[in-house]
Amino acid sequence: CTFHIVFTETFCENLKKDDKIIITYSATLNEKAVIGGTGNPNETWLGYGHHSTTNHDKTTTKTFELPVFKYTEKTAGIKTGLAGATFVLNKDSSNSAAAPIKLVSIPAPAGKTGDFYRVAKTDESGITEITTTDSGKFIIQGLDADTYYLHEKKQPDGYNMLKESVKVEIDENGVITVGTDARVVNEVEVLNN
């Protein structure tokens, strides 16, 4: 159990018939949160008297990750990671400067490699731009099911800037679709020429 709220005897003695007590809380998923899959279960209940409890109310909070691969094809059909591309992620299709999602760099989870970021908590300053390294790959964790736009702010030297932002949708089951034709992908691939 993460927290308890205890009602004092004095408080309980002052309750009147049909009084309602409403408990509202919010929580932030931490680094132990399950990404995708079955989600993160939560359960609440009220214990009263000596051994009585209400029904347990259960919810599941899901969070997802967005893997991105910035690449070029110097040889047809061979995808090579591209360093030096700078991206911003937000929910505005037309403006990369509009409310960019703040991120924090994190170590790669056990058994995984690459550049990992998570959505910053409200009390963290975070960064708003990600620049690709030699692998061309990065993964953003802690995203809700929603529509996002990946804006290229700076292209690598000698390459063309993307003409449009990449529309990315993550559904309630963590399925990622890209573009206006909603292609289902496991990784958002962004080609530079």
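The values are calculated or read from the model by the stated rules, or taken from the named source; none is laboratory data. Everything numeric in this text was worked out from a predicted model, so none of it was measured. Cβ coordinates were reconstructed from backbone atoms using ideal geometry, including for glycine residues, and neighbour counts include every protein chain displayed. Note: accessible area is taken over every heavy atom of the protein model, side chains too, but ligands, DNA and RNA are not part of it. Shrake-Rupley method; radii C 1.70, N 1.55, O 1.52, S 1.80 Å.
Residues considered: THR28, THR44, THR38, THR61. Of these, the only one that is at pLDDT below 85 and closer than 29 Å to ASP146 by Cβ is THR28. Condition check: at pLDDT 90 or above, hydroxyl-bearing (Ser, Thr, Tyr) and over 33 Å from the mean Cα position of the chain (by Cα). Does THR10 satisfy that? Yes: the conditions hold for THR10. Scan the stretch 96-109 and tell me whether some residue there is open to solvent by 60 Å² or more (accessible area, probe 1.4 Å) and more than 20 Å from the chain's Cα centre (by Cα). There is no residue in the stretch 96-109 that is open to solvent by 60 Å² or more (accessible area, probe 1.4 Å) and more than 20 Å from the chain's Cα centre (by Cα).
Screening THR38, THR63 for residues that are loosely packed, with under 10 Cβ neighbours inside 10 Å, under 31 Å from the mean Cα position of the chain (by Cα), within 24 Å of VAL184 (Cβ to Cβ) and not charged (D, E, K, R) leaves exactly one candidate, THR38. Considering the conditions (1) aromatic (Phe, Trp, Tyr); (2) outside any strand (DSSP E or B); (3) modelled with pLDDT of 95 or more, TYR159 is excluded by exactly one of them, (3).
Being of a type in the set (D, E, K, R) and farther than 14 Å from ASN30 by Cα is the filter; apply it to the stretch 106-143 and report the residue that is modelled with the lowest pLDDT. Among those residues, the one meeting the criterion is LYS112.
Can you tell me which residue in the stretch 1-31 is least open to solvent (accessible area, probe 1.4 Å), limited to those that are hydrophobic (A, V, I, L, M, F, W, C) and within 30 Å of TYR117 (Cβ to Cβ)? By that ranking, first place goes to LEU29. Residues satisfying the criterion are absent from the stretch 71-94 (criterion: of a type in the set (Lys, Arg), modelled with pLDDT of 90 or more, crowded, with 17+ Cβ neighbours inside 10 Å and touching a strand residue (DSSP E or B) at 6+ places or on another chain (Cβ under 9 Å)).
Contact map, the stretch 158-184: residues that are open to solvent by less than 50 Å² (accessible area, probe 1.4 Å) paired with residues that are among the hydroxyl-bearing types (Ser, Thr, Tyr), Cβ distance under 6 Å, separation 6+ or inter-chain. Pairs shown: SER165/TYR149; VAL168/TYR148. Meeting the requirement of 1 or more residues that are touching a Lys or Arg at 6+ places or on another chain (Cβ under 8 Å), the strands (runs of 3 or more DSSP E) wholly within the stretch 1-115 are 40-44, 64-75, 78-81, 86-90, 103-106.
Only a single criterion out of (1) more than 15 Å from the chain's Cα centre (by Cα); (2) within 23 Å of SER94 (Cβ to Cβ); (3) open to solvent by less than 60 Å² (accessible area, probe 1.4 Å) is not satisfied by LEU150, namely (1).
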